[in-house]
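Notes to accompany the following structure.
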């Protein structure tokens with residue numbers, strides 16, 4: 001028989017919960033000690049064993065603050081302290097909800113499994129709401145360069161989060177039970193920690209290669225102000241591409257099949273703006289291969305716009321387009337503009353609201369052969385509904401255009417690179433990242449960075465990457481993994497509710513009335 005949970009001391013729980021959040025945050029860049037994510041989560045779950053609803057919710061909130069404030073610290077110097085603290089609090093509220101939900105399912109059979117489902121479901125919820133959500137800090141992103149990285153091509157980011165949460169919940173239950181389930185704990189820990197490292201890698205065959213040039217033009221000044229120097233930035237990308245064309249002509253560099261300019265390489269519509277169009281056309285003529293540019297394109301409503309990747313074919317102008325699926329709230333559009341538009345001077349710097357793009361098929365690049373490319377723009381790469389569906393539809397390689405100039409000198413750059421590596425592992429595709437001011441990189445299908453540009457410089461990466469057509473198990477399972485987690489979480493919470501109601505039903509005993 002397991003021992004009852006010890007009484008909860010609120011102050012001790014508060015301090016331990018905050019510390020556990022800090023521990024989990026250290027699993028991400030700049031420290032990136034991945035195993036601290038399940039450890040920190042386990043510590044939080046353990047100290048709240050036996051807590052009431054209020055303490056469980058407060059504990060979750062404090063854990064969330066300890067986790068998100070360090071994780072999102074890059075918002076302070078780049079956007080402002082108010083944005084950093086405000087977003088940290090909003091995201092921490094999700095953990096307050098998680099604390100209450102985990103407390104509820106601790107009474108059901110298979111409590112660790114139920115807790116893992118609830119925690120993973122909360123993670124899925126916070127990547128969707130409010131205002132499009134924030135996937136930053138998903139546990140599955142932390143496993144790159146750890147023993148759990150081999151899980152990504154098998155069960156994806158969502159499945160990997162579930163495994164880490166199962167490991168954390170099992171460890172917490174072991175502490176709570178004071179050794180009452182030693183054998184089951186050992187088994188779960190072995191399954192979650194040892195077996196992933198021993199699991200066979202997912203092999204993806206490749207018979208063809210594709211040479212891609214990633215152009216990083218750089219940003220003048222402190223590297224953070226794109227709008228103030230957007231003409232200079234466009235010229236820098238044109239000049240870098242023209243120099244690349246000369247190196248190709250001299251035989252110093254392999255001829256690329258595709259040249260990629262980053263997000264913010266033009267801050268206007270390169271089709272309609274004469275100066276931008278001239279710069280792009282000059283670069284296109286010089287290099288003589290398809291050029292993927294980026295621009296801000298007007299929508300039907302003059303107060304709205306689209307952040308688009310445009311494929312510029314030599315001599316043919318702009319062709320296929322991809323529109324950013326997940327614009328950044330309060331960065332690329334202002335929610336409830338009529339109400340909030342005047343709340344900050346920064347909001348006045350966003351004159352038009354970016355509209356989200358719709359799901360699109362891979363972009364076809366026509367050269368010696370036809371190659372299908374999956375596209376993402378900046379924060380798109382963090383969302384489950386962008387890259388994986390394009391790969392499932394036939395994409396053989398992934399290209400990410402990003403700016404990130406606003407976050408120059410912060411840990412945001414390394415955090416985004418790490419989650420991009422996780423995506424490469426998940427879908428089994430090479431990923432080419434082009435950033436306006438760094439970090440530009442080329443990542444192989446195993447998540448290894450094979451080339452990377454320094455920040456705050458002009459640089460061009462030219463790399464030959466494999467074209468892969470095989471689908472990883474994670475890509476095949478992607479449409480069902482999320483619903484499966486929601487179903488398990490819902491069943492667990494439903495069962496907990498039924499058990500609670502049954503325990504509250506009065507039971508009649510001869511001659512008296514008592515309640516169970």
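Data table
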read-out: Packing-based exposure ordering (other Cβ within 10 Å, fewest first) of 284, 434; value: 284, 434
read-out: Radius of gyration, Dmax [region 208-469; alpha carbons; angstrom]; value: 17.2, 58
read-out: Nearest 10 degrees, 0 to 90: helix 230-249 Cα axis against the chain principal axis; value: 70
read-out: Isotropically averaged projected area of the chain, using the convex hull of Cα atoms (one quarter of hull area), nm²; value: 26.8
read-out: Normalised per residue, the volume of the convex hull around the Cα set of region 319-477 (Å³); value: 136
read-out: Extension reserve of the residue 54-residue 9 stretch, reckoned as 0.36 nm per residue once the Cα distance is removed; value: 14.9 nm
read-out: Full-extension gain in nm, residue 476 to residue 346, via 0.36 nm per residue minus C-alpha separation; value: 42.6 nm
read-out: With Cα atoms, 0 to 90° folded angle of helix 152-176 axis to the chain main axis; value: 30
read-out: Residue 448 paired with residue 499, simple spin-label distance in nm, labels 7 Å along Cα-to-beta-carbon; value: 4.7
read-out: Sorted by Cβ density within 10 Å, fewest first, the residues 243, 126; value: 243, 126
read-out: Inter-label distance, nm, simple model (7 Å from Cα along the C-beta direction), residue 131/residue 300; value: 2.6
read-out: Efficiency of FRET from Cβ geometry, residue 250 and residue 337, R₀ 56 Å, rounded to 0.05; value: 0.60
read-out: Simple label model, 7 Å out from Cα along Cβ direction - residue 464 to residue 275, nm; value: 4.1
read-out: Residues 94, 486, 129 arranged by fewest to most Cβ contacts within 10 Å; value: 129, 486, 94
read-out: Added length on full extension, which subtracts the Cα-Cα distance from 0.36 nm per residue, residue 368 to residue 90; value: 95.1 nm
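Here, each number is a calculation from the coordinates, and none is a lab measurement. Everything numeric in this text was worked out from a predicted model, so none of it was measured. Note that each Cβ is placed from the backbone with ideal geometry, even for glycine, and that neighbours are counted across all protein chains shown.
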